[in-house]
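Reading through the structure tokens given below for one structure.
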Amino acid sequence: MDLSNRLNDPALFKTQSYINGEWVGGDASFAVDNPANRQTLAEVSDVGEAGAKAAVTAAAEGFRVWRKTSPFERTRVLLKWLELIQEHTDDLATLITAEMGKPWREAKGEIAYGAGFVEWSAHEAARIHGETLPVPAPGARGWTIRQPVGVVSCITPWNFPAAMITRKAAPALAAGCSLVIKPAPETPLTALALAELADRAGFPKGTFNVICGDAAKLGPVMTGSPDVRMIGFTGSTEVGKLLMRQAADGIKRVALELGGNAPFIVMDDADLDAAATGVAQAKFRSGGQTCVSPNRIIVQDSVADAFIERLEAKISAVKAGDGFDTESDIGPLIHDEAVERVDALVKQAVSGGARIVVGGQPLADELGGSFYAPTLIDGGSFDLEIARSEIFGPVASVYRAKDEEQILGLANDTPYGLAAYLYTRDMGRVHRMSEGLDYGMIGVNAPMVGSASTPFGGVKESGIGREGGKWGVEEFTELKYVLLAGVNS
Ligand code: NAP
């Protein structure tokens with residue numbers, strides 16, 4: 001697939017890193033493949049350690065300029081970036097579908113979702129302020145100010161190639177920080193297109209840098225350089241822990257959006273049709289490759305059979321195929337290893353006593369890419385690996401449980417704590433259970449929890465910090481206290 005010919009604006013097709021306002025190549029390169037057909041889309045330059053160092057130096061210079069701009073100026077440039085992102089939605093969605101496979105209309109939804117953070121943050125720039133404080137000394141005055149943290153290294157995953165960048169970059173820029181962004185090697189093209197649009201929007205040189213290459217070379221510079229003050233990471237818990245350890249030496253701030261193991265709880269008083277629709281929406285977004293994807297669907301015994309019947313009807317209708325085919329509901333998984341991993345989890349569940357209701361096999365031979373069948377499994381044990389780790393694929397796994405107390409115990413029995421879902425019509429249950437669930441976000445009768453105005457993030461091993469809303473911007477500020485000794489007393 002020649003992507004440059006497929007884009008309305010071919011100048012968005014970039015294969016070099018964006019450092020200090022310039023497009024920069026490297027000695028090495030890596031291939032970006034389309035997981036729907038395994039064709040190579042591009043060879044992207046690897047800028048290596050030298051490129052990472054140059055980007056951090058540029059960001060340090062950029063920070064000196066950007067931090068001094070007025071909030072109104074920051075709002076203006078961010079709104080220009082927003083306008084350009086919205087204007088180029090189709091092209092950005094094309095890049096997402098080509099490099100990670102999700103259906104094109106869903107990719108357009110990701111651009112709208114990601115653009116929301118740019119819009120919200122642009123306006124939030126003007127709402128960053130301190131407070132005056134009561135202080136003990138007579139005549140003295142105390143106040144706080146909020147200042148940008150400094151250079152922020154952002155490391156992002158492939159499952160939301162645009163939104164995981166805007167959700168960090170926009171609030172950081174609104175606060176006055178500068179950025180070095182490293183996208184996942186599977187999805188650099190969307191990130192580089194966003195850099196091209198940032199360039200057109202007019203961020204000062206060095207404020208916005210995107211570097212591509214081997215994480216083993218780029219990572220230590222991004223976490224270790226004394227010029228970097230914060231690491232914003234979205235990805236697996238395992239890599240989050242590693243980056244946190246690397247950041248510890250310089251006592252750098254970390255904001256970590258990590259993996260999840262979301263329970264989707266259906267109580268006996270729930271609207272079962274709405275709950276089945278909710279599972280289908282939340283589960284199959286991005287082919288099940290989201291951190292908030294329902295991983296354990298826990299249904300109260302008395303309604304389990306009726307619920308599974310409804311879910312079977314929904315899942316049987318989900319069609320896997322190339323994301324550019326308008327009939328496809330889900331695209332491929334990110335690569336063949338992901339298919340093998342998901343298949344192994346399913347096989348192990350079956351040998352552990354679970355029953356496949358729908359699907360349960362790779363579709364690589366039929367569809368010619370890294371596809372897995374939309375799958376429903378019934379009756380597994382909570383001790384199986386499929387219940388303990390992130391499935392990250394289109395497999396809905398249903399478990400049965402007795403009552404509120406048992407369900408809460410099972411739902412919380414995981415090191416993760418990102419999103420949980422609860423379907424019930426009983427307000428007492430809503431309060432008791434939403435307060436009892438050890439998760440950062442709870443969707444009550446709601447299968448989508450994230451939006452630009454609300455706090456996104458997890459507890460326990462799902463992360464530290466929040467993205468979105470005023471909290472997302474606050475993450476990128478330092479609180480400073482000023483005391484002025486009494487002058488009139
Ligand atoms: P990943 O393997 O942790 O990789 C994420 C990013 O970290 C990639 O850019 C990766 O680049 C980079 N990385 C890996 N090792 C590194 C190192 N030593 N130094 C610097 N960078 C390093 O995660 P993924 O497979 O891309 O994404 C899936 C995971 O992300 C899932 O666990 C999912 O739940 C989580 N996620 C969480 C959220 C949230 O908001 N909580 C949102 C989306 C995804 P390389 O591939 O080059 O190593």
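The values are calculated or read from the model by the stated rules, or taken from the named source; none is laboratory data. Because the structure is predicted, anything quoted here is derived from the model rather than measured. Cβ atoms come from the backbone with ideal geometry, glycine included; neighbour counts cover every protein chain shown.
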*Return the only residue of R296, R285 being touching a helix residue (DSSP H, G or I) at 6+ places or on another chain (Cβ under 8 Å), part of a helix (DSSP H, G or I) and among the basic types (K, R).*
R285
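One line per residue, one yes/no per condition, for (1) more than 16 Å from the ligand (Cβ to nearest atom); (2) farther than 20 Å from N159 by Cβ; (3) modelled with pLDDT under 95:
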{"residue": "T375", "(1), (2), (3)": "yes, no, no"}
{"residue": "G380", "(1), (2), (3)": "yes, yes, yes"}
{"residue": "E390", "(1), (2), (3)": "no, no, no"}
{"residue": "G393", "(1), (2), (3)": "no, no, no"}
{"residue": "I407", "(1), (2), (3)": "yes, yes, no"}
{"residue": "Y416", "(1), (2), (3)": "no, no, no"}
{"residue": "Y421", "(1), (2), (3)": "no, no, no"}
{"residue": "R425", "(1), (2), (3)": "yes, yes, no"}
{"residue": "R429", "(1), (2), (3)": "yes, yes, no"}
*Mind checking which residues of the stretch 431-449 are farther than 20 Å from F307 by Cβ and away from the ligand (no atom under 16 Å from the Cβ)?*
H431, R432, S434, E435, G436
*Only one of V459, V487 is over 19 Å from the mean Cα position of the chain (by Cα) and surrounded by fewer than 21 Cβ atoms within 10 Å (Cβ to Cβ); which?*
V487
_Among the residues that make up the stretch 228-238, is at least one of them in contact with a helix residue (DSSP H, G or I) (Cβ under 8 Å, 6 or more places away or on another chain), in a loop (DSSP other than H, G, I, E, B) and either within 15 Å of the ligand (Cβ to nearest atom) or outside the structural domain of F476 (by TED's automatic domain parsing) (or both)?_
no
*Answer residue from the stretch 86-105, given it is in contact (Cβ under 8 Å) with a residue 60 or more places away in the chain and among the polar types (S, T, N, Q) and is nearest to G321 (Cα to Cα) among those*: T97
_It is to be established whether one or more residues within the stretch 296-308 are within 16 Å of the ligand (Cβ to nearest atom) and in contact with a Phe, Trp or Tyr (Cβ under 8 Å, 6 or more places away or on another chain)._
yes
*Quick one: in the stretch 244-269, which of the residues that are closer than 17 Å to T414 by Cβ and in a loop (DSSP other than H, G, I, E, B) is nearest to the ligand (Cβ to nearest atom)?*
G259
*For the stretch 141-200, which residues satisfy the criterion of being over 22 Å from V56 (Cβ atoms), part of a strand (DSSP E or B) and β-branched (V, I, T)?*
T144, I145
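Against the condition more than 30 Å from R429 (Cα to Cα), more than 16 Å from the ligand (Cβ to nearest atom), acidic (D, E) and part of a helix (DSSP H, G or I), how does E366 come out, does it pass? Don't jump to the end; show me each part of the working.
On the way: more than 30 Å from R429 (Cα to Cα): yes; more than 16 Å from the ligand (Cβ to nearest atom): yes; acidic (D, E): yes; part of a helix (DSSP H, G or I): yes.
When the stated conditions are applied, E366 passes them.
Do you know which residues across the stretch 154-190 are of a type in the set (S, T, Y) and within 14 Å of the ligand (Cβ to nearest atom)? Working first, answer last.
Taking the stretch 154-190 as the starting set, the residues that turn out to be of a type in the set (S, T, Y) are 156, 166, 178, 187, 190.
T156, T166, T187, T190 - these are the residues of the stretch 154-190 that are of a type in the set (S, T, Y) and within 14 Å of the ligand (Cβ to nearest atom).
Mind telling me which of the residues A137, A107, A98 ends up being farther than 19 Å from E467 by Cα and at pLDDT below 95? Talk me through it step by step, then tell me what you get.
Values: A107 fails: at pLDDT below 95; A98 fails: at pLDDT below 95.
When all the criteria are applied, what remains is A137.
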*From the list A411, A452, which residue is crowded, with 21+ Cβ neighbours inside 10 Å and within 16 Å of the ligand (Cβ to nearest atom)?*
A452
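Would you call G278 outside the structural domain of P188 (by TED's automatic domain parsing), closer than 30 Å to Q406 by Cα and surrounded by fewer than 18 Cβ atoms within 10 Å (Cβ to Cβ)?
On the way: outside the structural domain of P188 (by TED's automatic domain parsing): yes; closer than 30 Å to Q406 by Cα: yes; surrounded by fewer than 18 Cβ atoms within 10 Å (Cβ to Cβ): no.
Criteria not met by G278.
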*Here are some conditions: (1) surrounded by 24 or more Cβ atoms within 10 Å (Cβ to Cβ); (2) part of a loop (DSSP other than H, G, I, E, B); (3) within 16 Å of the ligand (Cβ to nearest atom). T290 meets all but one. Which one does it not meet?*
(1)
_Looking at T207, T234 in this structure, which one is under 25 Å from E478 (Cα atoms), buried (at least 19 other Cβ atoms within 10 Å of the Cβ) and more than 17 Å from the chain's Cα centre (by Cα)?_
T207
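Results for (1) surrounded by 22 or more Cβ atoms within 10 Å (Cβ to Cβ); (2) under 23 Å from P35 (Cβ atoms); (3) among the acidic types (D, E); (4) touching a Ser or Thr at 6+ places or on another chain (Cβ under 7 Å), shown as yes or no for each residue.
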| site | (1), (2), (3), (4) |
| --- | --- |
| K319 | no, yes, no, yes |
| H335 | no, yes, no, yes |
| V350 | no, no, no, no |
| P362 | no, yes, no, no |
| G368 | no, yes, no, no |
| F371 | yes, yes, no, no |
| L384 | no, no, no, no |
| S389 | no, yes, no, no |
| P394 | yes, yes, no, yes |
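Restricting to the stretch 200-214, name every residue that is more than 16 Å from the ligand (Cβ to nearest atom) and more than 10 Å from V180 (Cα to Cα).
If the condition is that a residue be more than 16 Å from the ligand (Cβ to nearest atom) and more than 10 Å from V180 (Cα to Cα), then R200, A201, G202, F203, P204, K205 are the ones that fit.
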*Taking only the stretch 1-20 into account, find how many residues are modelled with pLDDT of 95 or more and in contact with a helix residue (DSSP H, G or I) (Cβ under 7 Å, 6 or more places away or on another chain).*
12
